[in-house]
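A.B. asks: This structure is in structure tokens; I'll ask about it shortly.
FYI, it's all coordinate maths here, none of it is from the lab. Quick caveat: nothing in here was measured; it's all calculated off a predicted structure. Cβ sites come from the backbone with ideal geometry, for glycine too, and all protein chains shown count toward neighbours.
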Amino acid sequence: MKLVLYGMETTNITNAGMEEIVAQSPARVLSELAGEGVAGGLFGYRDVKDLELAANAADLYRDLLILLVVSQDHYSPGLYRQAIASGVEVVTTSELASRLSAMNTGVKKAERVEGAEIVRTLEDIASRERHTLSKLVAAAYSRDGGVGKSTFVATAGVYMARTAENFSSVYKVVVVDLDLEKEQGSIAEMLCVPARTTVSAWVDVDPDRLKWEDARSLLVKHKSGLWILPAPQNTSELLNFTPEKVERIIKALSRHFDAVLIDLGYGVADSLFAVLRYVPDIFFFITPDKAKVKNATSFFRDTAPSNDIEVRKIRLLLNEFNIPGALVKKHIEGFLGQKFTDQFPVDPSVLKALNAAGGDVAGPGSPYYEAVSRYIAKVMGPAWPVIEKESRSFISRLFSTFGRRRKEVS
Ligand SMILES: Nc1ncnc2c1ncn2[C@@H]1O[C@H](COP(=O)(O)OP(=O)(O)OP(=O)(O)O)[C@@H](O)[C@H]1O
Ligand SMILES: [Mg+2]
């Protein structure tokens, strides 16, 4: 683990098992933070410029831990509020922690730290963060069309965004439509959002320079709170999507979002395989018929290995379309030499929701939505808040009664 230091007494925290990079200038801090294996930045506070720099870093590198070390001399409640509002964690080397907590400054994470304790506190905060904010960067793929990838991505995205709204004001979910070759069945179309900006606007973004304010203007937002990056509207734009550019788009999105769900379609283009190589998780879809199983088999045996796509990060999923002569799950697993990680039922409310033109997916109460939400909760692990059906509907009733306005997450 590496730590970038700026404006800090470095002698305080040496020999604590962390590699330190001392940056002497603001520009240097920002470029060092982009380096491999960096866990965060530790900023000393001398004047308001240091806070601005830390806030800037927190905005650019949302996936890193940005800490501001403030001493008693610089104490001011306004400063703490500002830091927290900008996503910077405050630590202090003095007696401030308890005073601050008592003063209702909005400081939740101020810790009393001295010297080498800074590192322990850092690791502590880092593990707490990991615990409460599980991250997901995953792509849905298949070797055949119409097996339910886009439906899954849209449903999972809406479910995650809704859940996130209930437990955290900072957890952000984005769905990216990188199914580049198709005009119908796009995510924007399914969720009825205007494709006023598309992935084409992202081909030249620099992941290390993109600020949230700029990122959000290049996205559209669904009423559930889900952020969406629609597919290009014009096939002539496809040439722009080289493997390198597609990777940079995902990297940029991963910096600003806690969950990035990518709809990939079923093509075999280079840029698409680059995504499969890059993401830590692949949701691979199949329906229980022979032709699909055959195509999937050759993907698992030949295509994936020969394109450096790790088969062990593929999660095999069964969309249980009832096709005449459908294969039995066990047999498919036998052919593929892979076990299904889950399955989703055929559910008429999926199509009903799609045709209702309201831009909604099948929601709570529908067997498909329930199966998808259970599966996502499983993928996310124990830190993911599973909201009981009862309490969710109670809360939403309460909110609709009092006309709660949706909070703009920024
Ligand atoms: N579990 C399900 N129950 C009922 N209908 C479903 C289910 N899953 C998918 N569908 C329907 O099947 C059709 C194809 O689904 P979808 O568009 O999600 O597939 P896809 O894999 O994204 O296809 P493509 O490869 O063409 O993009 C859609 O009309 C969708 O509503
Ligand atoms: Mg699709």
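A.B. asks: If we count every other residue with Cβ under 11 angstrom of LYS313's Cβ, Lys/Arg +1 and Asp/Glu -1, where does the sum land? Could you put the intermediate results ahead of the total?
C.D. replies: Working: positive: ARG277, ARG312, ARG315; negative: ASP281, GLU310.
Net charge around LYS313: +1.
A.B. asks: Just grab the label-to-label distance for LEU218 and ASN322, each label 7 Å out from Cα along the Cβ direction, in nm (one decimal).
C.D. replies: Simple spin-label model gives 4.6 nm for this pair.
A.B. asks: For the range 134-401, what relative contact order do you get, as a whole percent, if you take Cα pairs closer than 8 Å and at least 6 residues apart?
C.D. replies: Result for the range 134-401 is 25 percent.
A.B. asks: Which GluC sites (Glu not before Pro) does the range 163-256 hold that lie in a coil by DSSP with at most 10 other beta carbons within 10 Å?
C.D. replies: Values: sites: GLU165, GLU181, GLU183, GLU189, GLU213, GLU237, GLU244, GLU247; in loops: GLU181, GLU183.
The qualifying sites are GLU183.
A.B. asks: Next question, about the same structure. Considering only the other residues whose Cβ falls under 15 Å of the Cβ of ARG277, what net charge follows from Lys and Arg at +1 and Asp and Glu at -1?
C.D. replies: So the surrounding residues net to -1.
A.B. asks: Residue by residue, what Karplus-based ³J(HN,Hα) values in Hz, rounded to whole numbers, does the range 340-351 have, using 6.51, -1.76 and 1.60 with θ = phi - 60° and x for Gly and Pro?
C.D. replies: 5, 8, 5, 8, 10, x, 6, 8, x, 5, 5, 5
A.B. asks: To continue, here is another question. FRET efficiency for VAL22 and ASN166, Cβ-Cβ distance as r, R0 = 41 Å, nearest 0.05? Mind dumping the intermediate values first?
C.D. replies: Details: r = 42 Å, r/R0 = 1.02.
It comes to 0.45.
A.B. asks: Right, next: What are the lysines whose alpha-carbon lies under 23 Å from the alpha-carbon of LYS378, with same-chain residues fewer than 8 places away excluded?
C.D. replies: LYS135, LYS149, LYS172, LYS313, LYS329, LYS330, LYS339, LYS389
A.B. asks: Which cross-chain or sequence-distant (5 or more) residues have an amide H under 5 Å from the amide H of LEU136, H modelled 1.01 Å from N in plane?
C.D. replies: ALA259, VAL260
A.B. asks: Pop a pseudo-label 7 angstrom from the Cα along the beta-carbon direction at both ALA383 and GLN233 and give the gap in nm to one decimal.
C.D. replies: Computed distance between label sites ALA383 and GLN233 equals 3.9 nm.
A.B. asks: While we're on this one: Take PHE257, PHE321 and order them by how many other Cβ atoms sit within 10 Å, fewest up front.
C.D. replies: Working: PHE257 23, PHE321 17.
The fewest-first ordering by Cβ neighbours comes to PHE321, PHE257.
A.B. asks: Sticking with this one: Multiply the residue gap between ALA201 and SER306 by 0.36 nm, knock off their C-alpha separation, and tell me the result in nm, one decimal place. Display every interim value, and only then the final one.
C.D. replies: Numbers: separation 105, 0.36 × 105 = 37.80 nm, distance 3.15 nm.
Fully extending the segment from ALA201 to SER306 adds 34.7 nm.
A.B. asks: Please work out the FRET efficiency for the pair SER71 and SER31, using the Cβ-Cβ distance as r and a Förster radius of 30 Å; give the result to the nearest 0.05. Walk me through the numbers before you get to the answer.
C.D. replies: Numbers: r = 27 Å, r/R0 = 0.90.
With a Förster radius of 30 Å, E is 0.65.
A.B. asks: Taking 22 Å as R0, compute the FRET efficiency from the Cβ-Cβ separation of LYS329 and ASP281 and round it to 0.05.
C.D. replies: Values: r = 21 Å, r/R0 = 0.97.
The pair LYS329/ASP281 has a calculated efficiency of 0.55.
A.B. asks: So how much slack lies between ASP270 and LYS135, counting 0.36 nm per residue of separation and subtracting their Cα-Cα distance, in nm? Don't jump to the answer; show the numbers that get you there.
C.D. replies: Working: separation 135, 0.36 × 135 = 48.60 nm, distance 2.59 nm.
Between ASP270 and LYS135, full extension yields an extra 46.0 nm.
A.B. asks: Then there's this: Once phi is turned into θ = phi - 60°, what whole-Hz ³J(HN,Hα) does the Karplus curve with 6.51, -1.76 and 1.60 give for every residue of the range 41-55, x standing for Gly and Pro?
C.D. replies: x, 10, 10, x, 9, 10, 8, 4, 4, 5, 5, 4, 5, 5, 5
A.B. asks: Express in nm, to one decimal, how much length is gained between VAL48 and ASN355 on full extension, taking 0.36 nm for each residue of separation and deducting their alpha carbon distance. Could the numbers behind the result be given before it?
C.D. replies: Values: separation 307, 0.36 × 307 = 110.52 nm, distance 5.37 nm.
The VAL48-ASN355 span can extend by a further 105.1 nm.
A.B. asks: Cα gyration tensor of the range 134-401, axes a ≥ b ≥ c as square roots of the eigenvalues: rounded (a/c below 1.5), prolate (a/b > b/c) or oblate? Can you show the working numbers first?
C.D. replies: Values: a/c = 1.55, a/b = 1.07, b/c = 1.45.
Oblate is the answer for the range 134-401, as a/c is 1.5 or above yet b/c matches or exceeds a/b.
A.B. asks: Same structure, new question: Hey, can you grab everything whose amide H is under 5 Å from the amide H of GLU20? Only 5+ residues off in sequence or another chain; H modelled, so Pro and N-termini drop out.
C.D. replies: LEU3
A.B. asks: Once phi is turned into θ = phi - 60°, what whole-Hz ³J(HN,Hα) does the Karplus curve with 6.51, -1.76 and 1.60 give for every residue of the range 244-249, x standing for Gly and Pro?
C.D. replies: Per residue, the Karplus-derived 3J(HN,Hα) values read 4, 5, 4, 4, 5, 4 Hz.
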